[in-house]
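**Q** Starting off with a structure, shown below.
The values are calculated or read from the model by the stated rules, or taken from the named source; none is laboratory data. Small disclaimer: the values here were computed from a predicted structure and weren't measured. Glycine gets a Cβ as well: all are built from the backbone with ideal geometry, and neighbour counts include every protein chain shown. Only protein heavy atoms, including side chains, enter the accessible area calculation; ligands, DNA and RNA are left aside. Shrake-Rupley method; radii C 1.70, N 1.55, O 1.52, S 1.80 Å.
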Amino acid sequence: VLITGSNSGFGMLTALTLARSGHDVIATMRTLAKGEELRSIADAERLPIEIRRLDVCDPASVVEAIGDPNGLDSVVNNAGFEVMGAVEMVDDDLLSRQLDTNVLGPMRVIRAVLPTWRERGSGTIVNVSSIAGHIGSPFGGAYSASKYALEGISEALHFETSVYGIRVRLVQPGRF
């Protein structure tokens, strides 16, 4: 299982939970130095976790981190961040970063594995969205826009890939 954004929060918890359940985990993050806590826990518990650098905003980084998609059964698109601010105050650069990370990032990971998985006939894509993908809140419009987009992509992808034995799942946590 390859997990993006594994240096903290849901990504780290997912990596630890899956490794403790016996899965081989590739925990990825943009900055390897931020993975020290995960590495320490994995080493102490002798968990099957490999840490790799992956920046979802860098297509070459995605391809390099994934390597051979045949070696993966699942990907968890967890990397993301939240822009807070009134819609009118979020400038184009910040909005672009929000959408690049939270929408285009998962798409890059999906495109890196999907052709191989389609040919193979199996794989699972888990996209981590948010309740913000259902309900926009004041000062959260940019983040909600990114999560609404991810939900639409996930729904379409489910229909496009299920005939090839590929499962698409969406996780929609509340505020944590």
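**Q** Can you spot a residue in the range 74-83 that is part of a helix (DSSP H, G or I), at pLDDT 95 or above and surrounded by fewer than 20 Cβ atoms within 10 Å (Cβ to Cβ)?
**A** In the first step, residues of the range 74-83 are kept if they are part of a helix (DSSP H, G or I); the result is none.
No, the conditions are met nowhere in the range 74-83.
**Q** I need the full set of residues from the range 134-160 which are over 17 Å from residue 83 (Cβ atoms) and assigned to a helix (DSSP H, G or I), in order please.
**A** Step one: filter the range 134-160 for residues over 17 Å from residue 83 (Cβ atoms), giving 134, 151-160.
Those that are over 17 Å from residue 83 (Cβ atoms) and assigned to a helix (DSSP H, G or I): 151, 152, 153, 154, 155, 156, 157, 158, 159, 160.
**Q** Can you pull out every residue in the range 116-127 that is assigned to a helix (DSSP H, G or I) and surrounded by fewer than 16 Cβ atoms within 10 Å (Cβ to Cβ)? Steps first, answer last, please.
**A** Going residue by residue through the range 116-127, those that are assigned to a helix (DSSP H, G or I) are 116-120.
Hits for the range 116-127 are 116, 119, 120.
**Q** What pairs come up if the first residue lies in the range 39-62 and is open to solvent by 70 Å² or more (accessible area, probe 1.4 Å), the second is in a loop (DSSP other than H, G, I, E, B), and their beta carbons are under 9 Å apart, counting only those six or more places apart or on different chains?
**A** 50/24; 53/30; 53/31
**Q** Those residues that are assigned to a loop (DSSP other than H, G, I, E, B) and open to solvent by less than 20 Å² (accessible area, probe 1.4 Å), I need them from the range 1-35; list them, please. If you could, list the steps in order and put the result at the bottom.
**A** Of the range 1-35, the ones assigned to a loop (DSSP other than H, G, I, E, B) are 1, 4-8, 21-24, 30-31.
Answer for the range 1-35, where residues must be assigned to a loop (DSSP other than H, G, I, E, B) and open to solvent by less than 20 Å² (accessible area, probe 1.4 Å): 4, 5, 6.
**Q** Can you tell me which of 113, 109, 163 is out of contact with any Cys (no Cβ under 9 Å at 6 or more places or on another chain), part of a helix (DSSP H, G or I), at pLDDT 95 or above and surrounded by fewer than 20 Cβ atoms within 10 Å (Cβ to Cβ)?
**A** So the residue among 113, 109, 163 that is out of contact with any Cys (no Cβ under 9 Å at 6 or more places or on another chain), part of a helix (DSSP H, G or I), at pLDDT 95 or above and surrounded by fewer than 20 Cβ atoms within 10 Å (Cβ to Cβ) is 163.
**Q** Exactly one condition in (1) open to solvent by 40 Å² or more (accessible area, probe 1.4 Å); (2) assigned to a loop (DSSP other than H, G, I, E, B); (3) touching a residue at least 40 places away in the same chain (Cβ under 8 Å); (4) not charged (D, E, K, R) is not met by residue 173; state its number.
**A** (1)
**Q** Something else: Select, from 130, 137, 96, the only residue that is among the hydroxyl-bearing types (Ser, Thr, Tyr) and either crowded, with 20+ Cβ neighbours inside 10 Å or in contact with a helix residue (DSSP H, G or I) (Cβ under 6 Å, 6 or more places away or on another chain) (or both). Lay out the reasoning, then the answer.
**A** On the way: 137 fails: either crowded, with 20+ Cβ neighbours inside 10 Å or in contact with a helix residue (DSSP H, G or I) (Cβ under 6 Å, 6 or more places away or on another chain) (or both); 96 fails: either crowded, with 20+ Cβ neighbours inside 10 Å or in contact with a helix residue (DSSP H, G or I) (Cβ under 6 Å, 6 or more places away or on another chain) (or both).
Going through 130, 137, 96 in turn, just one is among the hydroxyl-bearing types (Ser, Thr, Tyr) and either crowded, with 20+ Cβ neighbours inside 10 Å or in contact with a helix residue (DSSP H, G or I) (Cβ under 6 Å, 6 or more places away or on another chain) (or both): 130.
**Q** Test of understanding: among 95, 47, 38, which residue is in a loop (DSSP other than H, G, I, E, B) and more than 24 Å from residue 167 (Cα to Cα)?
**A** Details: 95 fails: in a loop (DSSP other than H, G, I, E, B); 38 fails: in a loop (DSSP other than H, G, I, E, B).
None of the other options fit; the residue is 47.
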